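The values are calculated or read from the model by the stated rules, or taken from the named source; none is laboratory data. Quick caveat, the model's predicted, so the values are computed rather than measured. When we count neighbours, we look across all protein chains shown, and the Cβ atoms used for this are built from the backbone with ideal geometry, even at glycine.
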Amino acid sequence: MSWGTENMSCDLGSSFNPLCVAIVGSGPSGFYAAEALLKAPLKVQVDMLERLPAPFGLVRYGVAPDHPKLKQPAQIFDKIAQTPGFRFFGNVRVGHDISVEQLRSTHHAVLFAYGAETDRPLGLDGENLAGSHTATEFVGWYNGHPDYRDRTFDLSAEVAVIVGQGNVAADVARMLAKPVDELRVTDISEHALDALAGSRVREIHIVGRRGPAQAKFTNKELRELGELRNCSTEVSASDLQLGATCLTELADKSNFVAAKNVEIFQGWSGRRTAPGDKRIVFHFLKQPVGLSGCGKLESVTLERGVLAGPPFAQSPEGIGSLESLNCSLLFRSIGYRGQPLNGLPFDTSRGVLIHEAGRIGASAGLYATGWIKRGPSGIIGTNRADSVATVATLMSDLPRLDPTPRAGGSGLREVLADGGTRIVSYPDWLRLDEMEVRRGALTGKPREKMTRVSEMLEALQ
Ligand code: NAP
């Protein structure tokens, strides 16, 4: 076959000139994008870059240890990773070890799937007092994420407050409330298990700025909080007196998750807390307005509110009535936030890359998918449809892509070798995986994660 310049664009995707795509990020959206690309009816080479030595992003570092079923997508991702045409470049930080511009020269297209790594701030005085943490830190800590491995949480506190009423808040509450013997058989990291074993937290307050009909929990996650051993859930009956606008929202068929949540809350109202039980207390229509303490957190001030606005657009309005909740441990669980990457247009208000149907900028070649594209919403599976859509945009751009053959993975290796980066390949990861599983088996756990990058790299020596 010749490289006739007259039909070079047709040659793109042939075995002589495979379409080289770099995917930045190895979480669910990155893997689902890789799957869609590798299923395309042309020759594609996918090179996935991940800043940590271990793949799978939120499936490994976000899903709670006691939810092993939600980690099952890792098995699908493993199959994708072993498909011919796929290569993994772990321990490579885009924007540091290699630039977006360099990736554009080694690949025909670059697809960003690096998620939303930080948290939305509350924007309050005292937010950064010792004892006030982001849920991200806590989740990363118990899941053995190297960035959070050395965080400490004062679990000698009896009262913990969680701000926000989504599934991350439910995870944090469950991890604080669950009997530690039930966590021993999970892949929770050893340091977290040890700390939780000594925890004195007895009262967990979950604070929402809107009402029970607007809580963002999914039904299973909410119900689970009521099924914890030696733990009671408390909801005040007056919070369940819903106004006409909330009832209109709940009557809408598409809003069945919220309707079920309200039913679950109703089932808990009036329940007696058994003596000695831990307590999970739900607060509604309360917005934190200040965190105070002398050098460390001592209390959070909550302002009562009312809902105003039409169905599905009700927002809380403070009514000036304040209450103070004494606590020395607080988690802000009000949603994740994406970070900008040098060279890419970024919407600072939403914390996402600016794109149209997944395409970044007017010319073809740069794409976004997952949370960095649409914001932190949905469950793991939501990312599949999102990535399929972005890959469809990329495929429709094929005639517009520069068809000059690219060095792909070998080009990456060259650039990274110049900077001295120790690339972790997929076979390297499989070795780490095996070591973790072997370590876990010693104590009856599915795995004992390596929690430091240096530890992983040393293990590969
Ligand atoms: P989320 O579902 O968006 O919930 C965020 C919560 O924070 C909401 O209650 C929101 O209230 C509140 N909030 C936002 N800004 C606030 C502010 N300034 N002051 C007070 N409250 C504020 O976010 P998430 O819990 O971080 O979850 C992220 C995504 O991951 C979700 O799609 C979730 O379902 C998913 N996830 C799933 C699982 C699972 O399937 N088991 C586990 C974890 C996470 P408003 O509604 O008033 O904005």
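Quick rundown of the values:
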read-out	value
Top-ranked residue in region 102-141 [being within 14 Å of the chain's Cα centre (by Cα) and among the hydroxyl-bearing types (Ser, Thr, Tyr); ranked as surrounded by the most Cβ atoms within 10 Å (Cβ to Cβ)]	Tyr114
Only one of Ala459, Ala389, Ala385 that is touching a residue at least 12 places away in the same chain (Cβ under 8 Å) and closer than 27 Å to Gly358 by Cα	Ala389
Which listed residue is in a helix (DSSP H, G or I) and closer than 30 Å to Leu12 by Cβ, from Asp433, Asp402, Asp386, Asp428	Asp386
Filtered residue count, region 205-227, keeping only those that are buried (at least 17 other Cβ atoms within 10 Å of the Cβ) and more than 15 Å from the ligand (Cβ to nearest atom)	0
Members of region 340-354 that are within 16 Å of the ligand (Cβ to nearest atom) and either in a strand (DSSP E or B) or assigned by TED's automatic domain parsing to the domain that holds Thr134 (or both)	Val352
Count of region 178-194 residues which are within 19 Å of Val168 (Cβ to Cβ) and not basic (Lys, Arg)	6
Helices (runs of 4 or more DSSP H) completely within region 1-101 that count 1 or more residues being in the same structural domain as Gly419 (by TED's automatic domain parsing) and within 27 Å of the chain's Cα centre (by Cα)	28-38, 57-61, 73-81
Members of region 138-172 found to be more than 8 Å from the ligand (Cβ to nearest atom) and either at pLDDT below 95 or touching a strand residue (DSSP E or B) at 6+ places or on another chain (Cβ under 8 Å) (or both), listed by number	Phe138, Arg151, Phe153, Asp154, Leu155, Ala157, Glu158, Val159, Ala160, Val161, Ile162, Val172
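Conditions tested, residue by residue: (1) within 16 Å of the ligand (Cβ to nearest atom); (2) buried (at least 20 other Cβ atoms within 10 Å of the Cβ); (3) on the phi < 0 side of the Ramachandran plot.
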| residue | (1), (2), (3) |
| --- | --- |
| Gly378 | yes, no, no |
| Met395 | no, no, yes |
| Thr404 | no, no, yes |
| Gly420 | no, no, no |
| Gly444 | no, no, no |
| Lys449 | no, yes, yes |
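Condition check ((1) farther than 20 Å from Ala215 by Cβ; (2) in contact (Cβ under 8 Å) with a residue 40 or more places away in the chain; (3) buried (at least 17 other Cβ atoms within 10 Å of the Cβ)) across all residues:
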residue	(1), (2), (3)
Ala313	no, no, no
Ser321	yes, no, no
Leu329	yes, yes, yes
Leu344	yes, yes, yes
Thr348	yes, no, no
